[in-house]
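> Okay, handing you the structure first.
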Amino acid sequence: MPYLQVNGASIRYDMYPASGETVVFIHGLMLPSESFEAQVAALKGRYQVLTYDLRGQGASEKTADGLTIDDLAADAVILIERLAQGPAHLVAFSMGTFIALRVAARRPDLVRSLCLIGPSAEAEDPANMPKYRRLIRFVRLFGPRPVAGQLMKILFGDSFLSAPEAAHVRRRWFKVVQALPRALHRAAAASAHRPAIADELQHIRAPTLVVSGEEDRPISPLKARAVQAGVAGATFLAFPATGHAVMIEQPEAFNTALLSFLAQATGAAEPHP
């Protein structure tokens, strides 16, 4: 596993070289970079692909100091500068969208396009904070394993959670959630206490695709549409009978949309999925 020292932390990444432009995947809370494995399989060879585990998650260093979304955005900037070596296409999920929006607004020179899965430019709803504080405190004390079922309901929609044909996929990601470390509480706190960035969306100039599952619980399609409305020229794509983790629940349909979007953003002929 390759690692890069970034702002005082050891960040694990994977690079899949190719002659095309670079696509950087930024994962969300609870689901590390493997959550984009179906997308990496579809894109590698066509594009240079970079995935990495956010500081405090996956195989990256779990730093003991405080963690903020701005810290994670600063990490992303360094990774793009050093590894992508130029402007990149950012594909981000959930907490990753909080990071990608900040990079795109503050360092537009580094961003060729944005694909945002379940994004929000708002601070967390104050009505949700009491339950999130309790959940973060529980994870800090006991780890995520006892509440893995509850976390699955945050990540995935009812249709996916009840579909018999998705049982093997659910088992795989349930094991991932069960194995999450107690240190996850720092990343969870960074996500829950994020400041709003809605007033910065006007600075984003990159072509942007906003994706939302209609059964998304943590970030409603309404919040995702607000991101689309705030970014000039952004388009919106809804996935029916789908929850938060669209790229896992609907990998083939999402990959088709992503490949089409990237082809338009690069001005290339649209590839066959």
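Per-residue answers, yes or no, for (1) of a type outside the set (A, V, I, L, M); (2) more than 18 Å from the chain's Cα centre (by Cα):
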| residue | (1), (2) |
| --- | --- |
| ILE69 | no, no |
| LEU72 | no, no |
| LEU90 | no, no |
| ALA104 | no, no |
| CYS115 | yes, no |
| LEU161 | no, yes |
| PRO164 | yes, yes |
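> If you take the residues of the range 203-221 that are farther than 16 Å from ASN128 by Cα and aliphatic (A, V, I, L, M), which of them is surrounded by the most Cβ atoms within 10 Å (Cβ to Cβ)?
VAL211
> Shifting gears a bit: Could you list, in sequence order, the residues of the range 162-180 that are out of contact with any Asp or Glu (no Cβ under 8 Å at 6 or more places or on another chain) and either over 17 Å from SER35 (Cα atoms) or of a type in the set (A, V, I, L, M) (or both)? Give the derivation first.
Within the range 162-180, the subset out of contact with any Asp or Glu (no Cβ under 8 Å at 6 or more places or on another chain) is 162-165, 167-175, 177-180.
Across the range 162-180, the qualifying residues are SER162, ALA163, PRO164, GLU165, ALA167, VAL169, VAL177, ALA179, LEU180.
> Looking at the range 58-75, is at least one residue of a type in the set (Lys, Arg) and at pLDDT below 95?
Kept after step one, since they are of a type in the set (Lys, Arg), are these residues of the range 58-75: 62.
Restricting the remaining residues to those that are at pLDDT below 95 gives 62.
Yes, the range 58-75 contains a residue that is of a type in the set (Lys, Arg) and at pLDDT below 95.
> Could I ask something else about it? Looking for whichever is in contact with a His (Cβ under 9 Å, 6 or more places away or on another chain) and basic (Lys, Arg) here; the options are ARG170, ARG205, ARG217. Which one fits? Steps first, answer last, please.
Numbers: ARG170 fails: in contact with a His (Cβ under 9 Å, 6 or more places away or on another chain); ARG205 fails: in contact with a His (Cβ under 9 Å, 6 or more places away or on another chain).
Exactly one residue qualifies, and that residue is ARG217.
> Tell me which of these ARG217 doesn't satisfy, since it passes every other one: (1) assigned to a helix (DSSP H, G or I); (2) more than 27 Å from VAL23 (Cα to Cα); (3) basic (Lys, Arg).
ARG217 satisfies all of (1) assigned to a helix (DSSP H, G or I); (2) more than 27 Å from VAL23 (Cα to Cα); (3) basic (Lys, Arg) except (1).
> Residues in the range 134-163 that are under 16 Å from ALA187 (Cα atoms) and either surrounded by 14 or more Cβ atoms within 10 Å (Cβ to Cβ) or touching a helix residue (DSSP H, G or I) at 6+ places or on another chain (Cβ under 7 Å) (or both): how many?
Kept after step one, since they are under 16 Å from ALA187 (Cα atoms), are these residues of the range 134-163: 134-144, 151, 154-155.
From what's left, either surrounded by 14 or more Cβ atoms within 10 Å (Cβ to Cβ) or touching a helix residue (DSSP H, G or I) at 6+ places or on another chain (Cβ under 7 Å) (or both): 135-136, 138-140, 143-144, 151, 154-155.
Counting residues in the range 134-163 that are under 16 Å from ALA187 (Cα atoms) and either surrounded by 14 or more Cβ atoms within 10 Å (Cβ to Cβ) or touching a helix residue (DSSP H, G or I) at 6+ places or on another chain (Cβ under 7 Å) (or both) gives 10.
> Where residues in the range 162-179 are out of contact with any Leu (no Cβ under 8 Å at 6 or more places or on another chain) and touching a residue at least 40 places away in the same chain (Cβ under 8 Å), which of them is nearest to LEU67 (Cα to Cα)?
Step one: list which residues in the range 162-179 are out of contact with any Leu (no Cβ under 8 Å at 6 or more places or on another chain), which gives 162-169, 171-172, 174-175, 178-179.
When the remaining residues are screened for being touching a residue at least 40 places away in the same chain (Cβ under 8 Å), the result is 166, 169.
Numbers: ALA166: 35, VAL169: 31 Å.
The extreme case among them is VAL169.
> Here is a list of conditions, (1) touching an Asp or Glu at 6+ places or on another chain (Cβ under 7 Å); (2) closer than 19 Å to GLY28 by Cα, and SER159 meets all of them except one; can you say which number that is?
With (1) touching an Asp or Glu at 6+ places or on another chain (Cβ under 7 Å); (2) closer than 19 Å to GLY28 by Cα applied to SER159, the lone miss is (2).
> Another one. Restricting to the range 1-44, and then to whatever is of a type in the set (Gly, Ala, Ser), at pLDDT 95 or above and under 19 Å from SER260 (Cα atoms), can you tell me which residue is nearest to the chain's Cα centre (by Cα)? Spell out the reasoning first.
First pass over the range 1-44, keeping only residues of a type in the set (Gly, Ala, Ser): 8-10, 18-20, 28, 33, 35, 38, 41-42.
Cutting the leftovers down to at pLDDT 95 or above gives us 10, 28, 33, 35, 38, 41-42.
Restricting the remaining residues to those that are under 19 Å from SER260 (Cα atoms) gives 38, 41-42.
Details: ALA38: 14, ALA41: 17, ALA42: 17 Å.
Of everything passing the filter in the range 1-44, ALA38 is nearest to the chain's Cα centre (by Cα).
> Would you point out which residue out of ALA148, ALA167 is modelled with pLDDT under 95 and of a type outside the set (Phe, Trp, Tyr)?
Values: ALA167 fails: modelled with pLDDT under 95.
It is ALA148.
> Take the residues in the range 222-251 that are of a type in the set (D, E, K, R) and surrounded by 17 or more Cβ atoms within 10 Å (Cβ to Cβ), then tell me which one is farthest from ASP158 (Cα to Cα).
Going residue by residue through the range 222-251, those that are of a type in the set (D, E, K, R) are 223, 225, 249.
With the extra rule that they be surrounded by 17 or more Cβ atoms within 10 Å (Cβ to Cβ), the set shrinks to 223, 249.
Values: LYS223: 19, GLU249: 11 Å.
In this case the residue turns out to be LYS223.
> Going residue by residue through the range 201-214, is there one that turns out to be within 15 Å of the chain's Cα centre (by Cα) and either part of a helix (DSSP H, G or I) or small (Gly, Ala, Ser) (or both)? It would help to see each step written out before you state the result.
Initially, the range 201-214 is screened for residues within 15 Å of the chain's Cα centre (by Cα), giving 208-213.
Of the ones still in play, those that are also either part of a helix (DSSP H, G or I) or small (Gly, Ala, Ser) (or both) are 212-213.
Yes, the range 201-214 has at least one match.
> Might you let me know whether the range 179-202 holds any residue that is farther than 17 Å from LEU101 by Cβ, surrounded by fewer than 16 Cβ atoms within 10 Å (Cβ to Cβ) and among the hydrophobic types (A, V, I, L, M, F, W, C)?
For the range 179-202, residues farther than 17 Å from LEU101 by Cβ, surrounded by fewer than 16 Cβ atoms within 10 Å (Cβ to Cβ) and among the hydrophobic types (A, V, I, L, M, F, W, C): present.
> A further question on this structure: Can you name the number of the only condition in (1) without any contact (Cβ under 8 Å) to a residue 12 or more places away in the chain; (2) surrounded by 23 or more Cβ atoms within 10 Å (Cβ to Cβ); (3) among the hydrophobic types (A, V, I, L, M, F, W, C) that PHE25 fails?
(1)
> Something else about it: Please determine whether any residue of the range 116-134 is farther than 13 Å from MET30 by Cα, modelled with pLDDT under 90 and not in a helix (DSSP H, G or I).
yes
The values are calculated or read from the model by the stated rules, or taken from the named source; none is laboratory data. Just so it is clear, the structure is predicted and the values come from calculations on it, not from any experiment. Cβ: placed from backbone, ideal geometry, glycine included. Neighbour counts: every protein chain shown.
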